[in-house]
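The values are calculated or read from the model by the stated rules, or taken from the named source; none is laboratory data. No experiment lies behind these values; they were computed from the predicted model shown. Heads up, the Cβs are rebuilt from the backbone with ideal geometry, glycines too, and the neighbour counts pull from every protein chain shown.
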C-alpha cells in the first residue's frame, strides 16, 4: 500500500515538477575528494539501503558485499556469491566479469529485497533477487535467491551491470552491454530483438520473477523485445536517477574516440535510440549500419585525449554543500579525471567542465542516504566529496 501511494505521488509529480535554482559548474579548487574508508578488493560500487541506518554497502567485483558502519567495514560480508562467478574472476587479473552491480528495492526497509547483477560461469549476465536475513540486518540470506533474468553474452566484455529503481515509476532499470568485442560486430545496439546494447525496464513487484510494464515503448510490437526501454548503447557503465527530478543519467563507454553522457528526462515515454553502433557519440562510427532516425545525441561527450573509459556518477542532492545542488559528477576510469555537468536553462544546453584530477582508477560513484556523493577507486578506497577548509 505504501509503495502504491508513493507511486501515485511520483506520477503526479510529473505534471508539477519542482523548480530548482540554476546549477552552475563548481570550481574544483574549492573542493576535494576526501578519503572515507579503504581496504577493499576491486570495489565497483558504493550504495545505501535507504532504510534509515545510514550504512553504506561496498560491492567488490570478486563477489562480496561489505557493510560500512562508523567509518569502517565489517569483517563478515553482507553477501558472498564468489562461488557463482566465472573462473577468470576467481583466478584474478583484469576482467569485465564478476559481480557488476547491485541495487536495493525502494521498500527494502519493509521487504528486505535487493538485487545483484553478475556474470556466471556460463558467461551469462544474471540478475538475482536476495533478501536480508530475518535475524541480522548485516547479513543476507544466501538461500533466498530468486532468479530474475538472464542475458547471454557472445563475448566476455561489455556486460553493463548498472541497475536502478526509478523514483518516478518504481520500475527496475537495467543496463546491458552490446555483448562485447570491438565495434559491436553483430550490431546488437540496433538489433531490436535482443536485450544486448539496451536499457531494460521491468516490474519486479507485480509478478515473479517480473512483469513487463504495459507502458514500455515497444509493447505489442513483435519486432522488439518488450523489456527494451532504450537502445543504441554500447556499454553503459553506471547510470543513476536524480533523486529529486527523476531524470536518468547514463554514461556510455566509447570505442575509439568518444565517451558520452546521455540524459533522459523524467517525463520520457522511452524508446530513445542513442545511435550505437551507427554512431559513437555525435560521430559516425560504422558506415554499414544505417543511422537510426530519430536518434538522440549525448548531453555531453569527450574525446580520448581526455580519457578512455567513462564512469557514470550522481547528481548532488546533499545538504553539506547546497551550492552544488543539481550538479552531476562523473569521471574517467583510465586517468582519474572528474567533471561536473549542469543544464543551462537560459540556452537549453548542457555544460560540462573539468572538476578535479584525482589520479584514481574510478570504477564508480555513489551517494549516501543524505545525498552526499562518493567516488570509488578500483584500487581499494572510497572517497567523499567535501569542501576544502
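Is it true that some residue in the range 111-119 is outside any strand (DSSP E or B), surrounded by 21 or more Cβ atoms within 10 Å (Cβ to Cβ), touching a strand residue (DSSP E or B) at 6+ places or on another chain (Cβ under 6 Å) and touching a residue at least 60 places away in the same chain (Cβ under 8 Å)? The answer is no, given that none of the residues of the range 111-119 is outside any strand (DSSP E or B), surrounded by 21 or more Cβ atoms within 10 Å (Cβ to Cβ), touching a strand residue (DSSP E or B) at 6+ places or on another chain (Cβ under 6 Å) and touching a residue at least 60 places away in the same chain (Cβ under 8 Å). Of the numbered criteria (1) outside any strand (DSSP E or B); (2) surrounded by 15 or more Cβ atoms within 10 Å (Cβ to Cβ); (3) at pLDDT 95 or above, the one residue 127 fails is (1).
Entry remark, the range 261-270: residues being in contact (Cβ under 8 Å) with a residue 40 or more places away in the chain and either out of contact with any strand residue (DSSP E or B) (no Cβ under 7 Å at 6 or more places or on another chain) or part of a strand (DSSP E or B) (or both) number 5 in total.
Residue by residue, here is whether (1) in contact with a strand residue (DSSP E or B) (Cβ under 6 Å, 6 or more places away or on another chain); (2) in a strand (DSSP E or B); (3) more than 29 Å from residue 159 (Cα to Cα) holds:
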position: 29; (1), (2), (3): no, no, yes
position: 34; (1), (2), (3): yes, yes, yes
position: 37; (1), (2), (3): yes, yes, no
position: 40; (1), (2), (3): yes, no, no
position: 45; (1), (2), (3): yes, yes, no
position: 53; (1), (2), (3): no, no, yes
position: 57; (1), (2), (3): yes, yes, no
position: 62; (1), (2), (3): no, no, no
position: 68; (1), (2), (3): yes, yes, no
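Counting only residues that are surrounded by fewer than 24 Cβ atoms within 10 Å (Cβ to Cβ) and outside any loop (DSSP other than H, G, I, E, B), the range 191-228 holds 4 of them. Out of the residues in the range 252-300 that are within 25 Å of residue 170 (Cβ to Cβ) and touching a helix residue (DSSP H, G or I) at 6+ places or on another chain (Cβ under 9 Å), state the one that is surrounded by the most Cβ atoms within 10 Å (Cβ to Cβ). Result: 274. Within the range 297-312, the only residue that satisfies the criterion of being closer than 18 Å to residue 176 by Cβ and in a loop (DSSP other than H, G, I, E, B) is 309. Screening the range 338-385 for strands (runs of 3 or more DSSP E) wholly inside it with 3 or more residues that are touching a residue at least 40 places away in the same chain (Cβ under 8 Å) and over 19 Å from the mean Cα position of the chain (by Cα) returns the ranges 349-357. Has the range 308-316 got any residue that is crowded, with 20+ Cβ neighbours inside 10 Å, under 16 Å from residue 22 (Cβ atoms) and under 23 Å from the mean Cα position of the chain (by Cα)? Yes.
Taking the range 273-294 as the range and being closer than 20 Å to residue 179 by Cβ, in contact with a strand residue (DSSP E or B) (Cβ under 8 Å, 6 or more places away or on another chain) and in a loop (DSSP other than H, G, I, E, B) as the test, the residues that pass are 274, 276, 278, 281, 285, 292.
Taking each residue of the range 322-337 that is in contact (Cβ under 8 Å) with a residue 12 or more places away in the chain and on the phi > 0 side of the Ramachandran plot and looking for partners that are assigned to a loop (DSSP other than H, G, I, E, B) and crowded, with 20+ Cβ neighbours inside 10 Å with beta-carbon atoms closer than 6 Å, six or more apart or interchain, yields 326/23; 336/360.
Tell me whether the range 149-165 contains one or more residues that are within 28 Å of residue 48 (Cα to Cα), surrounded by fewer than 18 Cβ atoms within 10 Å (Cβ to Cβ) and in contact with a strand residue (DSSP E or B) (Cβ under 7 Å, 6 or more places away or on another chain). Scanning the range 149-165, I find at least one residue that is within 28 Å of residue 48 (Cα to Cα), surrounded by fewer than 18 Cβ atoms within 10 Å (Cβ to Cβ) and in contact with a strand residue (DSSP E or B) (Cβ under 7 Å, 6 or more places away or on another chain), so the answer is yes. Only residues that are buried (at least 20 other Cβ atoms within 10 Å of the Cβ) and in contact with a helix residue (DSSP H, G or I) (Cβ under 6 Å, 6 or more places away or on another chain): list them for the range 50-68, please. Selection gives 63 alone.
Among what's in the range 169-185 and is at pLDDT 95 or above and surrounded by fewer than 20 Cβ atoms within 10 Å (Cβ to Cβ), pick the residue that is nearest to residue 252 (Cα to Cα).
Result: 183.
Of all residues in the range 356-376, those that are in contact with a strand residue (DSSP E or B) (Cβ under 7 Å, 6 or more places away or on another chain) and under 14 Å from residue 46 (Cα atoms) total 13.
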